[in-house]
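So the structure is just underneath, and the comments pick up after that.
Derivation of every value follows stated rules applied to the coordinates shown; laboratory data play no part. All values derive from a computational prediction rather than experimental measurement. Don't worry about glycine lacking a Cβ; one is built from the backbone with ideal geometry, like all the others, and counts go over all protein chains shown.
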Amino acid sequence: MELSQDTKNILGLQLPTDPRWVDLAGISLEAILTDHAYCEQKAALTCISYIQRYSDKEKLVLELAPIVTEEWGHFRLVLNELLKRNLKLGIQRKDVYVNKLLEFQRKGGGTEERFLDQMLTMALIEARSCERFKRLSEGLNDEYMRNFYRRFMESEAGHYTLFIDLAETYVDTNKVRKRWQEWLDHETEVMKDLELRGDRIH
């Protein structure tokens, strides 16, 4: 199954989510909302850590500060959805997808290389999250939940482009694009090996 052309143009992802994932997520609502909540929480904390680590990069600080607020607001929205449905925020689970991406980050080299990989990791996570939210917004049986996830889809698409832009602000554009293709190739292999589970956003 191929990604639609608009998804390819927006996200660059090379392998779409298996459509069966939406059906599994639909019957694991408590688990998928719990995992979603923790994803939003971790995104906010990661942005805070980058602001602290790269406080000399003015554009990064100014651009990520509102993202922290937005991501934490998303966490609260998902938490409220759980509570409204008399569901509980479960335990945080190991995120195999993200851990596999982190393994691909260059450990040696200079500060620029490490910064580039951090920005591209975040861009990729946001892109895949956007693709997953798009699947949920189109495939869930519950109309309310389809609309619920459409809002998240639109937000994550903006975040993906932000991290690419930050990378190109501080690193040569040709380097960014070359490394981004390497990341896309790696993510494709990660997705091929991932177990299909409906209780995970990634």
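Springs join every pair of Cα atoms under 10 Å in this Gaussian network model of the chain, and among L33, L83, L124 the largest mean-square fluctuation is at L83.
Could you put Y38, Y144 in order, starting from the residue whose Cβ has the fewest other Cβ atoms within 10 Å?
Details: Y38 19, Y144 9.
Taking fewest neighbouring Cβ atoms as first place, the list is Y144, Y38.
Among the trypsin sites (Lys or Arg not before Pro) found in the stretch 45-135, those both in a DSSP coil and sparsely packed, with 12 or fewer other Cβ atoms within 10 Å of their Cβ, are R85, K88, K94, R106, K107.
DSSP loop GluC sites (Glu not before Pro) in the stretch 124-202 with at most 12 other Cβ atoms within 10 Å of their Cβ, which ones?
Here the sparse-neighbourhood loop sites are E195.
How would I48, I27, I201 line up from fewest to most surrounding beta-carbon atoms within 10 angstrom?
Exposure proxy ranking, most exposed first: I27, I48, I201.
For the pair the stretch 87-110 and the stretch 26-50, the centres of their Cα atoms are 12 angstrom apart.
Global dimensions of the stretch 127-168 from alpha-carbon coordinates: Rg and Dmax equal 11.7, 40 Å.
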